[in-house]
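Encoded as structure tokens, the structure appears first; notes follow it.
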Amino acid sequence: MDEVKQIDRPAAASGYDTDFYTWALDQAARIRALAVPGLDVENVAEEIESLGRREKSELSSRFRVVLVHLLKWQFQPERRGVSWITTIDEQRIRIDDVLRASPSLRRTVPDVIAKSYRLAVKRAALETDLPGSTFPASCPWTPEQIIDEDWMPPD
């Protein structure tokens with residue numbers, strides 16, 4: 001039976017534990033630079049990259065949900081309820097989790113919010129039966145407000 005060579009995992013310097021998104025992209029690039037017989041380099045690299053992209057997609061999804069609920073909170077005050085607050089709180093916690101696991105994604109937050117906001121307006125319009133034109137054309141809140149656990153839109 002062939003002996004499997006154990007590869008030691010590098011110390012925290014690898015970035016795996018400090019910034020998963022950047023680590024995944026870096027590892028994919030490193031794999032692509034390898035020339036190992038029998039290793040399906042391109043597909044292995046693509047799979048690792050996709051793990052990093054999932055982090056960004058998760059961030060986008062979480063922002064979209066919190067933005068929908070913040071819009072509903074501001075533009076349908078008569079329907080406010082505990083479920084909206086718990087959804088907003090949960091999404092803020094999940095956004096924080098993603099940003100802690102992949103701090104390099106912080107630089108993408110403004111762009112992620114801008115893209116998520118457009119979709120959030122469509123969803124909020126559907127859920128509230130209000131015309132899309134009811135909502136501001138661009139996100140009226142700062143990233144800091146959106147993720148601040150104590151902030152809610154004004155009445």
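The values are calculated or read from the model by the stated rules, or taken from the named source; none is laboratory data. Fair warning: this is a prediction, and the values are worked out from it, not measured in the lab. Counting neighbours? That spans all protein chains shown, and the Cβs are built from the backbone with ideal geometry, glycine included.
Does ASP155 qualify as being surrounded by fewer than 18 Cβ atoms within 10 Å (Cβ to Cβ) and in a loop (DSSP other than H, G, I, E, B)? Yes, satisfied.
Restricting the first member to segment 42-56 and to residues that are touching a residue at least 12 places away in the same chain (Cβ under 8 Å), and the second to residues that are basic (Lys, Arg) and part of a helix (DSSP H, G or I), the beta-carbon pairs closer than 6 Å and six or more apart or on different chains are ALA45/ARG32. With respect to PHE63, determine if the residue is closer than 18 Å to ALA125 by Cα, buried (at least 18 other Cβ atoms within 10 Å of the Cβ), aromatic (Phe, Trp, Tyr) and under 13 Å from the mean Cα position of the chain (by Cα). Yes: the conditions hold for PHE63. Could you list all residues from segment 41-100 that are under 30 Å from ILE31 (Cα atoms) and of a type in the set (Ser, Thr, Tyr)? Residues satisfying the conditions are SER50, SER57, SER60, SER61. Selection of segment 1-45 for residues being among the small types (Gly, Ala, Ser), part of a helix (DSSP H, G or I) and either modelled with pLDDT under 85 or farther than 26 Å from ARG100 by Cα (or both) yields ALA12, ALA13, SER14.
Yes/no per residue for (1) farther than 30 Å from ASP19 by Cα; (2) of a type in the set (Val, Ile, Thr); (3) loosely packed, with under 14 Cβ neighbours inside 10 Å:
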| residue | (1), (2), (3) |
| --- | --- |
| LEU67 | no, no, no |
| GLY81 | yes, no, yes |
| ILE93 | no, yes, yes |
| PRO110 | no, no, yes |
| ALA120 | no, no, no |
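Criterion first (part of a helix (DSSP H, G or I) and over 30 Å from GLY15 (Cα atoms)) does THR108 satisfy it? It is false that THR108 is part of a helix (DSSP H, G or I) and over 30 Å from GLY15 (Cα atoms). The condition of being small (Gly, Ala, Ser), out of contact with any Lys or Arg (no Cβ under 8 Å at 6 or more places or on another chain), modelled with pLDDT of 95 or more and assigned to a loop (DSSP other than H, G, I, E, B) holds for only one of SER83, SER61, SER133, SER138, that being SER138.
Every condition in (1) touching a residue at least 60 places away in the same chain (Cβ under 8 Å); (2) under 12 Å from the mean Cα position of the chain (by Cα) is met by PHE20 except one, and the failing one is (2).
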